[in-house]
């Protein structure tokens with residue numbers, strides 16, 4: 001996943017820099033919200049929630065690459081937004097606990113996808129932050 005033994009290496013998750021993974025995560029959320037809304041025939045604004053969160057994730061991820069001296073700030077914003085994705089996905093547990101899981105197939109599928117992808121993405125971001133902190137301490 002990454003090589004932490006060389007202090008000058010950049011963290012990589014799934015072979016990608018975290019900023020690139022963030023862009024892909026944003027694009028995925030945007031497309032997911034649109035595709036699920038179309039496939040399900042939903043007229044509900046809430047079916048576009050993944051897309052609405054994916055847009056700022058994509059923007060701040062892009063900005064973290066283009067404005068290097070603000071990368072830390074932008075990536076923290078991205079992780080905060082990913083936490084919102086994760087929290088939204090946790091609503092899937094309410095469906096399980098109430099015994100109504102997949103009564104609304106597309107809504108529950110979307111929540112489950114948000115829960116899983118948000119969890120993995122935040123995990124990689126935390127690993128990246130830890131890696132950066134270790135490198136910063138080694139360089140001091």
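What follows is calculated from the coordinates using simple rules that are stated; it is not laboratory data. On a predicted model such as this, the values are computed, not experimentally measured, just so you know. Cβ atoms come from the backbone with ideal geometry, glycine included; neighbour counts cover every protein chain shown.
So the values come out like this:
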{"quantity": "Identified option (computed Cα extents along the principal axes in Å; candidates (1) 54, 30, 22; (2) 39, 35, 20; (3) 53, 30, 26)", "calculated": "(1)"}
{"quantity": "Folded to 0 to 90 degrees: helix 105-139 orientation relative to the chain principal axis, Cα", "calculated": "10"}
{"quantity": "Sites residue 104 and residue 83 - FRET efficiency at Förster radius 22 Å, r taken between beta-carbons, to 0.05", "calculated": "0.35"}
{"quantity": "Alpha carbon Rg of segment 82-140, scaled by the compact-globule rule 2.2 N^0.38 Å", "calculated": "1.58"}
{"quantity": "With Cα atoms, 0 to 90° folded angle of helix 49-66 axis to the chain main axis", "calculated": "20"}
{"quantity": "FRET efficiency, residue 70 to residue 138 (Cβ-Cβ, R0 25 Å, nearest 0.05)", "calculated": "0.60"}
{"quantity": "Likely footprinting exposure, 108, 91, fewest C-beta neighbours within 10 Å first", "calculated": "91, 108"}
{"quantity": "Relative contact order (%) - the chain, alpha-carbon pairs under 8 angstrom, separation at least six", "calculated": "24"}
{"quantity": "Mean residue ellipticity (222 nm) of the chain, computed from DSSP H runs ≥ 4 via -39,500 (n - 2.57), nearest 500", "calculated": "-25500 deg cm²/dmol"}
{"quantity": "Stretch gain in nm, segment residue 91-residue 43, where the contour uses 0.36 nm per residue and the Cα spacing is subtracted", "calculated": "15.3 nm"}
{"quantity": "Pairwise label distance in nanometres, residue 62 with residue 129, each label 7 Å out on the Cα-Cβ vector", "calculated": "2.5"}
{"quantity": "Acute angle (nearest 10 degrees) that the helix 71-89 long axis makes with the longest principal axis of the chain, alpha-carbon atoms", "calculated": "30"}
{"quantity": "Cβ-based exposure ranking for 106, 32, in which fewest neighbours within 10 Å come first", "calculated": "106, 32"}
